[in-house]
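Reading through the structure tokens given below for one structure.
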Amino acid sequence: RVLEVPTLRTPNVSLSRRKELSLFQKKAGLRFRRSSLLDLAFCHRSFVNETTEDIDNNERLEFLGDSVLGIVVADYLFRLLPDRPEGDLAKIKSHVVSEDALADIALQLGINEIVHVGKGGELSGGRTKKALLSDSMEALIGAWYLDAGYDKVARFILRYLKEPIDTVLADRHRKDYKTLLQEIVQKRHHS
């Protein structure tokens, strides 16, 4: 049995907001049928808590987008690297779908300029926080998946992640200190 997409309480999209979202879509290479669904992807909880409009926040879309992102990247790596063991694939995937990588793409797309945040979030620099940006990116992926389907969302994701995947494969990516230490110890002590 196929379940229907639940009704989402999306924001009313003003004419000026519709124009902002249209410019965003052009830049991102997207074309949503429902601009209210796209707008919902950019409704942070802090904004929803302060608005009088009865709308959802973007967290459910973020949940869905995180999983869609994971399967698209896992499928791509599985096919691209047929001889690599699971551990290598998992390591590559974790770098590519990390908060840092997604926040970078969100900034590249200008999500920081159009995400709805509450007054407190605005004052504390919420628009540039990596967590907020990466969460918004995942919500965008979830919304695009619902609006356009798997094939289109996969093309969108890979358009932005093929280069980071190549960077990780060439071992030119940023590494955390723990990973660097583990690699040095393994190289020197073979364990």
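Worth pointing out:
- Looking across segment 104-161, the residues that are in contact (Cβ under 8 Å) with a residue 40 or more places away in the chain and basic (Lys, Arg) come down to 119, 159.
- Any hit, segment 107-116, residues being over 21 Å from residue 12 (Cβ atoms) and open to solvent by 40 Å² or more (accessible area, probe 1.4 Å): yes
- Test: residue in segment 117-140 that is farther than 25 Å from residue 53 by Cβ, of a type in the set (A, V, I, L, M) and part of a helix (DSSP H, G or I): no
- Complete set of residues in segment 1-44 that are open to solvent by 100 Å² or more (accessible area, probe 1.4 Å), assigned to a helix (DSSP H, G or I) and free of Cβ contacts under 8 Å to residues at least 60 places away in the same chain: 15, 18, 19, 23, 26
- Residue 131 passes every criterion in (1) within 14 Å of the chain's Cα centre (by Cα); (2) modelled with pLDDT of 95 or more; (3) open to solvent by 40 Å² or more (accessible area, probe 1.4 Å) apart from (2).
- Unique match (being touching a residue at least 12 places away in the same chain (Cβ under 8 Å) and open to solvent by 40 Å² or more (accessible area, probe 1.4 Å)) among 84, 60: 60
- When we screen 71, 92, 165 for residues that are of a type in the set (Val, Ile, Thr), in a helix (DSSP H, G or I), more than 26 Å from residue 11 (Cβ to Cβ) and open to solvent by 50 Å² or more (accessible area, probe 1.4 Å), the only hit is 71.
The values are calculated or read from the model by the stated rules, or taken from the named source; none is laboratory data. These numbers come from a predicted model, not from an experiment. All Cβ positions, glycine included, derive from the backbone under ideal geometry; neighbour counts span all protein chains shown. Side chains included, ligands, DNA and RNA excluded: accessible areas come from the protein's heavy atoms. Shrake-Rupley method; radii C 1.70, N 1.55, O 1.52, S 1.80 Å.
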